[in-house]
Each structure stands twice: as C-alpha cells, then as structure tokens.
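J.: Please read through the structure below; I'll follow up with questions.
Coordinate-derived values only; no laboratory data. From a predicted model like this one, the values you see are computed outputs, not experimental measurements. Note: ideal-geometry Cβ built from the backbone for every residue, glycine included; neighbour counts use all protein chains shown.
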Amino acid sequence: MLQNILFFVFAILAVAGAVMVISFRNPVYCALSLVLTLFSLAGEYVLLLAHFIAIVHIAVYAGAIVVLFLFVIMLLNIRREERAPGSIKYMVYLGVPLGLVLLYELVSIGFREFTDVYVKATDIGTVEKIGQALFSKYVLPFEITSILLLVAMLGAIYLSKQKLEIVSK
Amino acid sequence: MEHFIWLIPLLPLGGAVINGIFGRLLKEKSGWIANLTMFVSFILSLRAFGLVRQGVTFDGNLFEWIVAGKFHAPFGVRVDQLSIIMMLIVTGVGFLIHLYSIGYMHGDPGAGRFFAYLNLFIFAMLMLVMGNNLLLLYLGWEGVGLCSYLLIGFWHEKESASKAGLKAFITNRVGDFGFAIGIFIIFSHLGTIAYSQIFAQTDVLVKAGVVTAASLLLFVGAVGKSAQFPLYVWLPDAMEGPTPVSALIHAATMVTAGVYMVARFNPLFSLSPTTMAVIVSVGTFTAIFAATMALVNKDIKRVLAYSTISQLGYMFIGVGVGAYAAGIFHLMTHAFFKALLFLGAGSVMHAMSNETNIEKMGGLYSKIKITAITFMAAWLAISGIPPFSGFFSKDEILAKAFAYHPIVWVFGTLGALLTSFYMSRLVFVTFFGKSRVEPKVEKHIHESPYVMTIPLMVLAVLAVIGGFVGVPELLGGNNGFEHFLAPVFEGAEANLHFAHVSLGLEYGLMGISVLMALGGIWLAYLMYIRETISADALANRFHRTYTLLYNKYYVDEIYFAFIINPILAFSRWLWNFVDSTVIDGIANLLGKIFILFSYIYRRVQTGYVQSYAAFLVVGVLAILAYYLLQAF
Amino acid sequence: MHGIPISYFLILSAILFSLGVIGVIIRRNVIIVFMSIELMLNAVNLTFVAFSNHLNNIEGQIFVFLVMVVAAAEVAVGLGLIVAMFRLRETVHLDDIRLLKW
Amino acid sequence: MDAQWINLIITVVKIVVVVFIFMLPLVMLMTLMERRISAFLQDRLGPNRVGPMGILQPIADGLKAFFKEDIFPVNVDRFLYLMAPAIILFPALITVAIVPFGDQMSTYIGGHLVNLRFQIADLNIGILYFVSFASLGVYGLVVGGYASNNKYSMLGGLRSSAQMISYEIPMGLAIVAVVMRAQSLSLNDIVLSQATTWNFLYEPIGFIIFVVASFAETNRLPFDLPEAEQELVGGYHTEYSSMKFSAFFIAEYSNMIVSSMLITTLFLGGWQVPFGIMEALNLPVIWEQLIQILAFLIKTGIFLFIYLWVRWTLPRFRYDQLMNLGWKSMLPLGLFNILLVAVQMKF
C-alpha cells in the first residue's frame, strides 16, 4: 500500500514537473522543473527495484545534464521567451491535440496489453548484477559508449573553440 | 628458388613506396634507398642466375591474385633462361643507372619523386619479365608505360616535357590496344592466360585459324612499346626526360619489352610465317629508316634515340627470322652500350650545362677524358668493330638474316654502314675538332663525380667484353649464350627452317660487315675531322633529301594532318554540339521538370523544426493507429 | 498483496512522452525543446525499467544505461551547437533559424 | 509492535540524532572555531566574550541573524531567491545518511533482537549515493546566483558549476580506486576492508586527489572562486541577508563536515582504532562501540582542523589555474592511481 502511495506521489510530481517544463517561459524554471521530474523518476526506479539505475540517473541527469543546461542558459543570459510572431504561434493548436491523441493511443496499448501484471521482487537491479552484465555479455557496447563519449567530447570542444563571426539576423 | 624469388620485384616496389611517401622528406637521400633495394635485387638475381645455370628453373604461383568465376589469374612467376637474362639486365643495368642518377639528380628538388618512379619502373619491368601469365605481362607492360609517361614528363613544368610524356603515352596506347585484343583472342580460344598452358595448346589456335591474327596483334603491342615504324614517333621526343631515364627506359630496358615478348612467345610466333615476315619487314625498314634520320640530327640525345630505334629494328630482324637467341643477345649487348652512350651523353650534358646541340660542342676529349673514353668504347661496340660486343651480336643477326633471305642481309649491312657513320659523326663532332663551345659554358666544363663515372666505367667494360659470352663457332668460340637459351626456344625449333650457309660465305659476310663499319668510320673521319669532304656542301648538294631527313620525313606532320587533327575536330564537334546542346539540353530539361514539381512541394518545407516534428508525430500516430486497429 | 501494476508505469511513461512531444512542437526556445527531448528519453527509460522488472531481464536496464550515455553525449554536442548558434545569430529561437544556410 | 515499525523508529531516531544533535551543533562550533583558529593563526584572540571562551558566540550570531531584516532586493526572481538557500542545504544534509559512525551491535529493544548500526542507511549502492547527491550542491549556488539578478552573483554561480563538475571527476576516480580495493560500494565494507592497513598508505595519490577535490567541492580556499571577495564581492550570496545568508553558511560547514567524514571513512579506516588497541583492551561491546565512534570523530576533527588551517594559510588560485589543475593534473593522476592500484592488487 505504502508503495502505491509513493508511486502516485512521485507520478504526480513527475507529471507536474513535465507540464512546467513545457509551459514556463523562463528557461531556468524549466530546467528546475526538469530536475523535479527527474528526481521523481528516480523514485519510480527505486520502486521498480532498479537501485543502480536510479542513482546513476540522478548522477547523470540531475548532476550533469541539467547543470549543463543551466550553465548554457546563464552563459547566454536567456531571460524569457517572447510571444511568437508569425505562423509559429499556431503550433500550440497543432501540438496539443497531436500530443493528446498520442497519449490516447499509447495509454490504450498500455491498458490493453499489461493488465494484471505487477512489480515483483527481484534483485536484477543491483550493482553486482548490472556490473556483471556490462562487463561480460555487453562489454562491446559498453566499450563503444566510451568511444561515443570521446567523440562527443571532441565535438563539443571543437564547436566551442572555433571562432565565429556574428552575422546580422 | 621460390623462397627468395618474390623479393626481387618486391624490393624495388618497397623502395618506390618508401620514396613515394617520404620522398619530400628524404630529398636526395631517397637515392640511397633506391640503390639499396636495387643492389639487393641484383644480388638475388645473380643467385637465381646461379641456380638457373645448374638447370633449376621455376614456374609456379606465389598466390592467387584475381578469381572471378572460371577466370583466375594467379600471381605466378616464371624464372627460366630467358627471363633470368632479362632480370639480370634490368636489375644490373638498372642498378648502375640508379647509382648514376644520384649524381645526375643532385640538387634537383624532385629527387624523391624521381627515385620513386624509377623504382616503380623497375618493379613493373620485373613483373613484365618474370610473370608466368599474360595478365602479369600486361600489368608490367602497362606499368612500364605509366612510369615512362611519368618520367618523360618528370620536369612537368616544361611544356615540351609534358607534351612528350603525353605523346609517349598515347602512342603506346595504340599499340597496347592491339596487344590487349591479342590477349583476348588467346584467352577466348584457350580459356587460360598461363604461358605453359598456352604453349602446350598452340595447335588449338592453329586449328581455329587465329594464330596469325593473335600473333600479329601481339606484335602491334610490341611495335608500340619497342618504337618500331609506324609507332616510333614517341621515342625521340621522350628525350625530354632526365638522361638516366632515357638510358634506363628508352634504351636499355623498356623498349626491349617487345623483343622479349616476341622471344617469349616463340612457340606461337614461329607457327605463323606471315607474322614472322611482317616482323622482319618492319624491323628491316625501321633499322634503315631510323638510321637515315640519325644522320643529320644535331641533338646528341636524339641521335642516340634514332640509333635505339634502328638497333631495335635489328633485334626484330633477329627474332623475326627465328634467331631468337641472337635477338636476345643483341638486346643484352645493346643494353650495355646504349645505356653507356646515354649515360655518357648525360655526363657530357652535365659538363656542358645541359647543352644538347652537338654543333655547340667539339674538342671535349681532353676536358672530360673518362666520359670520352667510355663513350668511345660504346661507339666502337655499336659500330660493330671486332672484338667489341656489338660486333658479335650484330653479326649473329646478320648471318641468320642472310639465311632467311639475302635481301634482309643487304639492308642490314647498309644499316650497319649508316650506324657506324652517324655514331662516328657524333663522336667526332662532340669530342674532337675545334671547340665550338660558348665561352660562358666553356669555363664550367668539368668531369662528372665518381658516382657518375663509375657506372660509366663498369658499363664500358661490359660493352667491350660483353660479346664474349656468345662468340660464334665460326671464330673458335662455343656460342655459349645460344646454348644457354636453347631450352626456351626448343618449341620453336621444329617450325623453323634455316637455309644452310657455307663456311666460306659466312666468313665473307662477316668481313663485309666489318668493312662496312670501318667504311662508315672512315667516311665520318674524312667529313668531320679532316674535312676533306664538306658536310655542308653535301647537304646543299642533296638539299631536298637533307631537308626531308632533317624534318624526320614529316612523319609527325603527316600524323597530325591525317589522324590527330581529324580526331580533334571530331571531338570538338562532339563537345560543342552533342555534349553542350543535346546532352546538356536533356539534363537541363530534366532539371526544369524537377524544379517545376519542387516549386509545388516545397511549400511543405517551412523551415520550422516544429512543423517537421509535427509531421513526424503524425506519422507515428498513423502507425500506432494501424497497430491498434489491427489488434481489434 | 499485489505490488504496483506495471501498467501504471506505462501510463506515466506515456503521459511524460506525450508532454515531451507537445513541448517539442509548441516551444520556440531550442534549449527547452532539448529539455522536452530529454523528457521523452526519460519516459522511454521508464518503460525499459518497468519491462525489465516485468520480464525479470537485465537487458532493459542495460539499455537504460546506454540511453543515458547517449543522452549525455547528445547534450554535450547539442549544447555546444546551441552556443555556437547563439554566437553566430544571437538567438536561441527555432523560428529565427529556419533557413538551411545563411 | 513488530520489527518493521521498530526499524522505522530507530531510523527516525538516528536521523534526528545525526542531523539535529550532531550536525547542527557541530556547524555552530565550526563557525566559532573558524574565527578562533584564524585569530590564533594571525596572532589575535578572536571572539571570547560570550560565555566561557566565547562558546556561546554562535548562539548570539544565530539570534542576530534571526532578528535582522529580511531584505528582498528589487529585481530578484523572488521564488528562486527563496528556494536557493533551501536547495543548498539539501545535499549537504542528505549525504550524511550513508556515513558509518561506528560498527554494528545486536541488542534487545522492546523484546526484539535488533541489529543496531551506527549508520543511517547501509545502501547497496553506497558510495555512488554520495557521488550523486554531492553533485547536486551546485544547484543551490547556481540558482542563488541566477535569482539575485546581479552579475557578480551570476558569475559566481557559473564558476561554481564549472568548478564542481570539473572536480567531481578526479574525486570519482579516487573513489573508484578505493572501491576496487574494498570490492564493495558499501561504506561499511570499505571501512571493514581497512582493518589492518588504512587506504591512505596504499593509495597516497588517491588520498591527495580526494582531499584536494573535496576542498574544491566545498568551495573552500584555495578553491573558493565562486565567492572570491576581491573579484566578485560576495559571489553567489552577495544579495542575501539574515537567515537566508546563514543557510549558505550552514551548508558550507555541513559540506566540510561530510567531506571530512568521507575522507576518514574512505582513506583513514573510518571507525577503526589503530595499532590493535581494541583487541588489547578487550572491553565490553558497548564501550568498544563508543571508543570506535570516538576514534571516528577524532579523525574527522583532525580534517576539519586541516580545512581551517589551509583556509588561513594558502592563497587563492586563479580561475585558469584551477581548471588546469583539475583537468590536466588531477584527472591524469587519478587515472594513473587506478592503474597503480590495479597493479598492486594483481601482484
């Protein structure tokens, strides 16, 4: 019972955070709302007994990615998003219905196919299990991710190092 | 033998790769790398030669090269008596020329590139002579053509050099075209490209009636590569390249590829008397034709170039009449003395600040003694003065030619007279008489460094004594060279019939050719040293002949008028009308159609990322909807 | 006593994913669009973990791990691009950069 | 009452004890010590008027902070301005949950045999929990800097985010080496693994890296770039006053305390008493536990003193030097340390 209550607490926080992400005009608020969502998701992972994923999730998303977002927002000193001129503002009337239809379709799949299955006690989310899987069966993808990160790092350094001239809008 | 034989071509290739990649860094040091690879290659060739002398030959595949369906081309080599001779010439003379090049290319900024090309050339030439199938032969054949092009146009900043390179390449293409078709004919009838299988099945070609066609087409390739009439025009122009290149490619090795090829295919060629007759005719004509042009030319290297063409004609006479061993013998001695002549000419040019006009030389003997003496050794050899090497090989060919048909002998001997005359003219005008050197140049005349003169001396020794490997029985020798090569030409023997020539007649013929040689020298002596006969007066007296010869029979002009210009005009028409009007028109029309359509569709492309995302979502929704409806 | 139904997680994931999609479509600020994409990635991660639990199979969690790595790389490069774009055009609004080249 | 509820109550009691009876008074003590020790190092007396030896000075400071006017500057982002001090306290206080103060003992409480651990939670993911939550401290600084709407605060916030991200990496590498030796992420196991020899003897490089990185993580001198007075006035807390300002200070000292505890746990054997003294004394279990806790606190105290000592001794780094040190020296050294430990363990 306690778990169900926790699930709903986290779920409501996550959805609230997500709604705030897409509705706040100030990007800093958006980023902080994203942190809220991410923390709630970490809670959900714990409820799913994926402890390792939960903690790595916090370290990577909350600890690094959103900090980077904040860093860039501050670096560029973006204050508020102005009201859109031109045709872009009609996107709201296109995007929201599309999202709702998508939600309907996804939910109908979830309801139909996975009734009467529940979270069960398992130990597959522990560090030992994931570590063993990562360094034996999935060692190649794991190593490839290191190359991916290296390439991304080089790309980021190159992008930020190059001299760019400001072109008028 | 196979455990080291593959190193022989691989080493020059390695040298080429190293020099090609690091040439810019190594600069002149690349010469030593090139020389090292050549030297080791030569030593290995000598070792192989030792084995071949004991009767050990090798014909096998080192690895599979190309496999496509039924066709498979192994990377196979054949080392027998014929190819080992060629390998020794290529690596030995090649090594000496490499050594010489170190001195000659000293200070040239492109030295690394030069040595890379030179090594690559040696590799290609070795592939040509060592291959045991037609494809490798063709690889080498085209490879040497490519290197020749690259090296003729080595000083590509000079327009005449790059044009000469192009000319050589295009002229060679004409011959190679015929050569390729010849290969196709053989392959389509026999289904194989390996020599051993071809030679074993020549009767199939005879039955199919294509033996003459196939051998003639192969000979067309030889005509192009070995600069025979009518495809000889590129060789004189090839003198635009650096002199060691002229020595290596355009005298000693590459141009002899045609002779080698005919000799190698002796079982095939000897089956077709028609082809043999054509070869003899072309060879004879070229020998005389080129010699006449050499008579009046004033450029030291061009005279040598015409002389090369003429000598190649002799070799073709040799292989054409069926005296394959004699042809190869002449090939070898020619390699020695012609390489020497070119290197000597290079040394002269080195001394003369790159002057090539012999009218601006004269009296050089005392100033560059080593060059002059070695040059004269080669002169005596090419003129056919006994006991220099050229005498034995040329006489061998002439003797066999007489047996084939006396008229061939007559022309050959006439050619010998011309040869000794123009070579003597060259020597006398260059090294003796009054100095006509420009004073500015005269101050700088100096002997070349040892790295250049040592190859000259080695080659001079070879030019003098090289003939003794094949002293004919007539003169008390045992004709060892011919016996050594005999196993290769066994297959052809059965098809050849030599008329018997009496002993006395042979001595007579030999005497006549020696007299002719001496006569040519004497004539030149009178004209250019004693000046009792005025060369200018003679030129005036036979004004029209002189002009004709001086302008090289207007062959280049004829080619331009009848072949090149029509092709150019046709190409222009294709360009101006067919390409720019018809084809471009079609392409533009297609483009316009697409522009029309895209004008309508591009309204979808708003440029807003969001709208693209929205389209994407619509697509996802559609797929999901399909999946949902499917399940219900 | 039952635990939490798996479908709860799936529906939560669906909601977050849809919100991410809406965010991508309606927002002009490229950084917020980026955040919406992260939201979608996280929604997918949640389903992965839920199914991993359901199927008692570790591969789902391995996949989440890989998705995180990809997300980190993507953010590093993406934010680098945004900074470069800002220096070039002084804007982070998507409708200001709708030309392919300039 | 069943065991589940007893465990819950015990946990709550542990949290209250650690946070309110241990952490907060220690923070207060630290503020006093900072001033007394700086005075001592500068050959002054420092505050000594309130209570015996000035021991009540922190309470006086607290009262003052409470009663000062709570200023909201005009153009601040009110919500975030309010949130920042709260956010910054959170990671400092949450990370203390995994620190083992002492060994475990079994005892009867309410008729149940309970395994009492002197640690709030012995997590399976252990040290990863610290790595994750420690990195969240940056939010408080960044948000505070942003909300103040002041360019100095903003720069302070930016600097802190770059600095903390940079130094997390060498810190993580040093932790990896420790984990390799202990073969476990659990802090309790790490302490147990140091029963004979403490880690700083095996891994001096890792130890130094961790200490330096934790100085940087807590924004203490010589790495206090985010609040460099000479350049940035007060850094991210320039605009803060009264109790909100105090919150930043409490967070800083809490961070110092947690860092010292972790250094102790990871490299100085945690609650282990050296030289086999415990075996020699052969005391009853309860005394043994108390002595171990005391040993832990003494080790932590030494490091807290070193924090203060360094602050009043070393000058501040320049920003580029800070970044160079982090990326070009500490990162390669950390990798080298891992290699070294791996080789050690192999042979």
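J.: In peptide D:138-146, how many Cβ atoms from other protein chains are near each Cβ within 10 Å, on average?
T.: That average works out to 4.
J.: Please list, in chain and number order, the residues 5+ apart from B:Arg78 or on another chain whose amide H is under 5 Å from its amide H, with Hs placed from the backbone.
T.: B:Gly131, B:Asn132
J.: Let me ask another. Just rank A:His51, B:His446, fewest to most, by other beta-carbon atoms within 10 angstrom.
T.: Exposure proxy ranking, most exposed first: B:His446, A:His51.
J.: If each residue of separation counts as 0.36 nm, what is the full-extension length gain between B:Glu442 and B:Gln605 once their alpha-carbon separation is subtracted?
T.: On the way: separation 163, 0.36 × 163 = 58.68 nm, distance 7.85 nm.
Net length gain for the segment: 50.8 nm.
J.: Using Cβ counts within 10 Å as a stand-in for footprinting exposure, how do A:Ile144, D:Ile277, B:Ile328 rank, fewest first?
T.: D:Ile277, A:Ile144, B:Ile328
J.: What FRET efficiency comes out for B:Lys70 versus B:Val461 if R0 is 45 angstrom and r is the Cβ-Cβ distance? Round to the nearest 0.05. Before the final figure, lay out the partial values.
T.: On the way: r = 52 Å, r/R0 = 1.15.
My answer for the efficiency is 0.30.
J.: Could you work out how far the C-alpha centroid of region B:130-204 sits from that of region B:302-367, in angstrom?
T.: Centre-to-centre (Cα) distance: 24 Å.
J.: Any idea what angle helix B:480-493 forms with the longest principal axis of chain B, computed on alpha-carbon atoms, 0 to 90 degrees, nearest 10?
T.: Long axis of B:480-493 versus the principal axis of chain B: about 50 degrees.
J.: Over chain B, what relative contact order in percent results from Cα pairs under 8 Å that are six or more residues apart?
T.: Answer for chain B is 11 percent.
J.: Continuing with this model, one more query. Which order do peptides B:5-14, A:31-40 fall in by mean Cβ count within 10 Å, highest first?
T.: Per-residue Cβ counts within 10 Å, averaged per peptide and sorted highest first, yield A:31-40, B:5-14.
J.: If you don't mind, there's one more thing I want to ask. Taking every residue in B:597-610, how many Cβ atoms of other protein chains lie within 10 Å of its Cβ, on average?
T.: Partner Cβ neighbours, averaged per residue: 3.
J.: Which net charge results when you count Lys and Arg as +1 and Asp and Glu as -1 among the other residues whose beta-carbon is under 12 Å from that of B:Glu447?
T.: +2
J.: In nm, to one decimal, how far is the B:Phe285 label point from the B:Ser196 one, both placed 7 Å along Cα→Cβ?
T.: 4.0 nm
J.: Mean Kyte-Doolittle of at least 0.5 and a Cα length of 18 Å or more along the axis: which whole DSSP H helices of chain D meet both?
T.: D:3-16, D:24-41, D:78-94, D:151-182, D:204-217, D:242-267, D:285-311, D:331-346
J.: Using the beta-carbon distance between D:Leu281 and D:Ile6 and R0 = 30 Å, what value does 1/(1 + (r/R0)^6) give for FRET efficiency, to the nearest 0.05?
T.: So the FRET efficiency works out to roughly 0.45.
J.: Can you give the angle from 0 to 90° between the axis of helix B:300-320 and the longest principal axis of chain B, with both taken from C-alpha atoms, to the nearest 10?
T.: Compared with the principal axis, the helix lies near 90 degrees.
J.: For a quick check: sort A:His57, B:His350 by the number of other beta carbons within 10 angstrom, fewest at the front.
T.: Final ranking by Cβ density, sparse to dense: B:His350, A:His57.
J.: Still on this structure: Please turn the phi angles of region B:272-289 into ³J(HN,Hα) values with the Karplus equation 6.51 cos²θ - 1.76 cosθ + 1.60 (θ = phi - 60°), one per residue in order, whole Hz, x for glycine and proline.
T.: With coefficients 6.51, -1.76 and 1.60, one gets 10, x, 4, 4, 4, 4, 4, 4, 4, 4, 4, x, 4, 4, 4, 4, 6, 4 Hz.
J.: Could you check the spin-label model distance between B:Ile454 and B:Asp556? Points 7 Å from the Cα along Cα→Cβ, value in nm.
T.: Taking the two extended label points, one gets 3.9 nm.
J.: By how many degrees, 0 to 90 and rounded to 10, does the Cα axis of helix B:111-130 deviate from the longest principal axis of chain B?
T.: 80 degrees
J.: Of B:Lys367/B:Lys434; B:Lys163/B:Lys552; A:Lys137/D:Lys346; B:Lys360/B:Lys434, which pairs sit farther than 21 Å apart, going by alpha carbon to alpha carbon?
T.: Beyond 21 Å: A:Lys137/D:Lys346.
J.: For a protection proxy built on the mean count of beta-carbon atoms within 10 angstrom, sort B:301-308, C:56-63 highest first, please.
T.: For the peptides B:301-308, C:56-63, the packing ranking is B:301-308, C:56-63.
J.: Treating cross-link reach as a plain straight distance, find the lysines whose alpha-carbon is under 23 Å from the alpha-carbon of D:Lys328, omitting any fewer than eight places away in the same chain.
T.: A:Lys161
J.: What is the calculated FRET efficiency for D:Phe22 to D:Asn75, with r their C-beta to C-beta distance and R₀ = 35 Å, to the nearest 0.05?
T.: Details: r = 40 Å, r/R0 = 1.14.
Approximately 0.30, to the nearest 0.05.
J.: If a helix is a whole DSSP H run, which ones in chain A reach 18 Å or further along their own axis (Cα) and hold a mean Kyte-Doolittle hydropathy of at least 1.0?
T.: A:2-23, A:27-47, A:91-113, A:139-161
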